[in-house]
1. In degrees from 0 to 90, rounded to the nearest 10, what is the angle of the helix 56-66 Cα long axis to the longest principal axis of the chain?
2. Angle check, please: helix 5-16 long axis (alpha carbons) against the longest principal axis of the chain (alpha carbons), in degrees 0 to 90, nearest 10.
3. Pick out which of Val112, Val28, Val62 has the largest mean-square fluctuation in a Gaussian network model of the chain, springs linking Cα atoms closer than 10 Å.
4. Just Ser36, Ser92, Ser49 to compare: in a GNM of the chain, with alpha carbon springs under 10 Å, which one fluctuates most?
5. Please compute the per residue accessible area over the chain with all protein chains in place, 1.4 Å probe, rounded to a whole number of Å².
6. Among Phe66, Thr34, Ala12, pick out the residue whose Cα is farthest towards the positive end of the charge dipole of the chain, where Lys and Arg carry +1 and Asp and Glu carry -1 on C-beta, about the Cα centre.
7. Given springs between every Cα pair under 10 Å in a Gaussian network model of the chain, which of Arg58, Arg70, Arg16 has the largest fluctuation?
8. Using a 1.4 angstrom probe on heavy atoms only, work out the carbon and sulfur share of the accessible area of the chain in %.
Amino acid sequence: MQIDKELLIEKALEARKMSYSPYSHFQVGAAILTESGKIYTGANIENASYGATICAERTAAVKAIFEGERLFAAIAIAGSPERTAEEDFVYSYPCGICRQFLREFALPDMAVYIKGPENEIKETTLSELLPDSFGPEHLG
């Protein structure tokens, strides 16, 4: 599958504008490319009860799943621009819960693109971020 990482990053940056982050002030946007070629976006949505907060990655994933998508080819993530270069990369990686949630629907070697400062993009895969992971195939 052909992946246009620049388009995915652009969609993640657009999604970041929709962030509701009054507590952390750290806006995150995500864009997921599904196997069907559709792109779904999401932003982090915080809550005064911190445990009820949902990350941008899961917001985008839930939208895709609700629309019937079951296989994800790639995700792009863009964090708040006011952070330093090192912080931008550190804080824009998906959290552990998001990594496991994405794993449920990930194609093998799902691409992960992290938007950094000055249009730098770090590239990895979900399997590199979540090695030796547990997935649906382990349940029977």
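The values are calculated or read from the model by the stated rules, or taken from the named source; none is laboratory data. Note that the structure is predicted; figures quoted are calculated from it, not measured. Note that each Cβ is placed from the backbone with ideal geometry, even for glycine, and that neighbours are counted across all protein chains shown. Remember, those area values only see protein heavy atoms, side chains included, never the ligands or the DNA or RNA. Shrake-Rupley method; radii C 1.70, N 1.55, O 1.52, S 1.80 Å.
1. 40
2. 50
3. Highest fluctuation of the listed residues: Val62.
4. Greatest mean-square fluctuation among the candidates belongs to Ser49.
5. 55
6. Phe66
7. Among Arg58, Arg70, Arg16, the largest mean-square fluctuation in the Gaussian network model of the chain belongs to Arg70.
8. Percent of accessible area from carbon and sulfur atoms in the chain: 54.
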